[in-house]
Amino acid sequence: LQDVDGFYDKDTVHEFYTIIDQECDRLTRLISDLLNVSRIEAGRALDLNPVPVQIPDVVDKVVATQKSYTNKHDFAVELDPEIPTIVADQDKVDQILTNLVSNSIKYAPNGGTITVSGKPIDGVVRMAVTDQGMGIPKEHLDKVFDRFHRIDNRDTRKVGGTGIGLYLVKHLVEAHGGKIWVESEVGKGSSFIFELPKCPPQFEAEQAELAGGGS
């Protein structure tokens, strides 16, 4: 704004715009996360808007967006070709994956490969986001989904963060009738695994009626 004489060249200005754009996205996500957390705290359910969701499309979008935030990481997508279309809230599935992939980038500050995988298993879709980062100490494994819980050590202090991302992810997965857990080894990386049913239980009757053309 102060540069009225054209001191900065086009590329530098574009770089500034990119940073502003990414930071706006980050703030929007943070505000949305905080609003969702306050809904959960107030005992209100997270409202779902169920639609048919193509998981490969959501994964491609999330990976493409997250790629722009790092030049240290490679991304691998390993989705079973038999992965079914599920009924879910598309924005919230996007939010789950965005939070997990963003977390993987953050906690693998030296780079490595981040793998997003998915397959149908026992009537549900099992997804995993795996990194080659710093890993989670055993004593923290059952607490990482707690609100505001942060692993506090010399490595993680540099990372920053609010401690609400995983808390929210757990609630978003459970709102769909799914479950989430983490497998991790310090120094080797972490794998956040979640399962979503083909349709959230609260919408099964409604979806069956739609599929049958209604009455």
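Please treat every number below as a calculation from the coordinates, not as lab data. This one's a predicted model, so the numbers in the text were calculated from it and none came from an experiment. Positions of Cβ are generated from backbone atoms using ideal geometry, with glycine treated the same way; all protein chains shown enter the neighbour counts.
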Against the rule of thumb 2.2 N^0.38 Å, how large the Cα Rg of the range 5-92 comes out: 1.51
How much of the DSSP beta bridge set in the chain is antiparallel, as a percent to the nearest 5? 80 percent
Among 123-136, 64-77, 186-199, what's the highest-first ranking by average C-beta atoms within 10 angstrom per residue? 123-136, 186-199, 64-77
Cα-based Lys proximity count in the chain, under 17 Å, for pairs eight or more positions apart or on separate chains: 17
Given Gln2, Ser102, Cys199, which one lies farthest toward the positive end of the charge dipole of the chain, if we put +1 on the Cβ of every Lys and Arg and -1 on the Cβ of every Asp and Glu? Ser102
Apply the Karplus curve 6.51 cos²θ - 1.76 cosθ + 1.60, θ = phi - 60°, to the phi angles in the range 106-118 and return the couplings in whole Hz, x for Gly and Pro. 5, 8, 10, x, 8, x, x, 9, 10, 10, 10, 10, x
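Within the set of other residues whose C-beta is less than 13 Å from the C-beta of Val125, count the net charge using Lys and Arg as +1 and Asp and Glu as -1.
Net charge around Val125: 0.
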Charges on Cβ only, +1 for Lys and Arg, -1 for Asp and Glu, centred on the Cα centroid of the range 27-93; of Thr65, Leu35, Leu48, which one is farthest towards the dipole's positive end? Leu35
For Ile86, enumerate residues with amide H under 5 Å from its amide H, sequence gap 5+ or separate chain, H modeled in the peptide plane. Val53, Ile55
Rough spin-label spacing in nm, given labels placed 7 Å along Cα→Cβ, for Asn49 and Asp146: 3.5 nm
Projected-area average for the chain over all orientations - Cα convex hull basis, square nanometres: 15.8 nm²
Among 140-146, 13-19, how do they line up from the highest to the lowest mean number of other beta-carbon atoms within 10 Å? 140-146, 13-19
Divide by every residue of the chain the summed helix terms, -39500 (n - 2.57) for each DSSP H run of at least 4, and state the resulting mean residue ellipticity at 222 nm, rounded to the nearest 500 deg cm²/dmol. -13000 deg cm²/dmol
For the range 45-154, what value does the Rg/Rh ratio take when both radii are computed over Cα atoms and Rh is the Kirkwood radius, given to two decimals? 0.98
Provide the gained length on full extension for the span Gln207 to Leu34, in nm with one decimal, where the gain is 0.36 nm per separating residue minus the Cα-Cα distance. 59.2 nm
With +1 assigned to the C-beta of every Lys and Arg and -1 to the C-beta of every Asp and Glu, and no other charges, what is the dipole magnitude of the chain about the Cα centre in debye, to the nearest 20? 700 debye
For a label point 7 Å from the Cα of Asn71 along Cα→C-beta, name the residues of the range 109-142 whose backbone N is under 19 Å from it. 109-114
